[in-house]
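Enquirer: First, the structure itself, so that you have it in front of you.
Please treat every number below as a calculation from the coordinates, not as lab data. None of the values given here were measured: they were computed from a predicted structure. Cβ coordinates were reconstructed from backbone atoms using ideal geometry, including for glycine residues, and neighbour counts include every protein chain displayed.
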């Protein structure tokens, strides 16, 4: 699991198997989602044994699950002795999975809990795809967002491999419009993604002003937001795929009329939307989130200027599953709290 068709072809060639076996493997892995090579019954027993001697499926079920009062579920997976988290968000007519691309994160954004835990390694395509394929509600998914732990374009090769499998005929056959990759703007990975993928893009923006963004996001020093937006403007985002900008609204910091004007200037000529996100407080950070009424006012000001703006509904905050709160390991719930980790049956 996690190998694209060319990699599967190389595997079967190395084992001396017929070339069509690669397509059979892909079909069993990504369409039938088998958990054992023995289940691949249209491959001869002899060839299955040869595959089993050298490979395994690579699937593993989540170790634990925590369910929010709003129905959101956070799943914990083990990877090389470390923990990663993904979040399942069911809604009426829609079911979204927020997946992780790294164990922790290097970027150390001021407002993000994941960055506070540091970085422990990249996830392989197998590890990323396993989050999508191996949890109980997998067959109910309608959308996938790469907005979990880590920076996708700091692990571009593996993320692009997963996107290929998700959208290819030999894989899941998903429309790219159902998948969104979120990034703070790592430039080399961003350019490669824009050139090779048709999936939606979300950029973590949070302010149009470079110095202010630098105080929130150290990445601004290496990859200025002005250059990021300039690069994005070179690609066509009308109809085929969508670009959006994530904007956590901090009270008294990035919520002024000057920010509205700055956003209009920065995004002029780009067909896009802005998603306003409520700040979820984290220990040791003095930032304060804007109120709902303040968010609505900011939204209306941007909308009046011609920028489609929405307020993202916060989900799973009571289980540390909302935006910016994923971090493993985390402190267990205190006695008396409603929260409860449950061992996931294997």
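Enquirer: If I model region 136-209 as equal point scatterers sitting on the Cα atoms and use the Debye formula, what is log10 I(q)/I(0) at q = 0.13, 0.21 Å⁻¹?
Expert: The Cα Debye sum returns log10 ratios of -0.39, -0.94.
Enquirer: Could the peptides 215-223, 106-114 be put in order, highest first, of the mean number of other beta-carbon atoms found within 10 Å of their residues?
Expert: 106-114, 215-223
Enquirer: Which angle from 0 to 90°, rounded to the nearest 10, does the C-alpha axis of helix 257-267 make with the longest principal axis of the chain?
Expert: Its long axis makes an angle of about 40 degrees.
Enquirer: Let me ask something else about it. Mind ranking 5-18, 247-260, 73-86 by how tightly packed they are, going by the mean number of other C-beta atoms within 10 angstrom, highest first?
Expert: 73-86, 247-260, 5-18
Enquirer: Okay, next question. Among 312, 299, rank each residue by its count of other Cβ atoms within 10 Å, from fewest to most, as a rough exposure measure.
Expert: On the way: 312 16, 299 19.
In increasing order of surrounding Cβ atoms, one gets 312, 299.
Enquirer: Report, in degrees rounded to the nearest 10, the 0 to 90 angle that the Cα long axis of helix 156-167 makes with the longest principal axis of the chain.
Expert: For 156-167 against the chain, the angle is about 70 degrees.
Enquirer: Give me the log10 of I(q) over I(0) for region 196-305 at q = 0.18, 0.22 Å⁻¹, as the Debye formula computes it from C-alpha points; what are the numbers?
Expert: Rounded to two decimals, the profile gives -0.95, -1.33.
Enquirer: Can you bin every Cα-Cα distance in region 91-245 into 10 Å intervals starting at zero and give me the percent of pairs per bin, rounded to whole numbers?
Expert: Here the calculated profile for region 91-245 is 11, 41, 36, 12, 1.
Enquirer: Something else now. Which whole-angstrom value gives the distance between the alpha carbon centres of region 175-233 and region 2-66?
Expert: For region 175-233 versus region 2-66, the Cα centre distance is 35 Å.
Enquirer: Tell me the mean residue ellipticity at 222 nm calculated for the chain from its helices only (DSSP H runs of n ≥ 4, each -39500 (n - 2.57), averaged over every residue, nearest 500).
Expert: Values: 11 runs with 100 residues, N = 346.
That comes out to -8000 deg cm²/dmol.
Enquirer: Sticking with this structure for a sec: What percent antiparallel are the DSSP beta bridges of the chain, to the nearest 5?
Expert: If we restrict to bridges inside the chain, about 50 percent are antiparallel.
Enquirer: Across 10 Å bins from 0, what is the distribution of all Cα-Cα pair distances for the chain, in whole percents?
Expert: Cα pair-distance distribution for the chain, in percent: 5, 24, 32, 23, 11, 4, 1.
Enquirer: Within 10 Å, count the other beta carbons around each residue, average over each peptide in 187-200, 87-100, and list them highest first.
Expert: 87-100, 187-200
Enquirer: Tell me the angle of helix 45-54 to the major Cα principal axis of the chain, expressed in degrees between 0 and 90 and rounded to the nearest ten.
Expert: 50 degrees
Enquirer: So what's region 5-54 giving for Rg/Rh, alpha carbon basis, Kirkwood Rh from the mean inverse pair distance?
Expert: The Rg/Rh ratio comes out at 0.91.
Enquirer: Can you sort 53, 64 from fewest to most other Cβ atoms within 10 Å of each residue's own Cβ? Can you show the working numbers first?
Expert: Details: 53 9, 64 15.
Taking fewest neighbouring Cβ atoms as first place, the list is 53, 64.
Enquirer: Let me see the P(r) profile for region 42-143: every Cα-Cα distance counted, bins of 10 Å, each bin given as a percent of all pairs.
Expert: Distribution as computed: 13, 37, 31, 14, 5, 1 percent.
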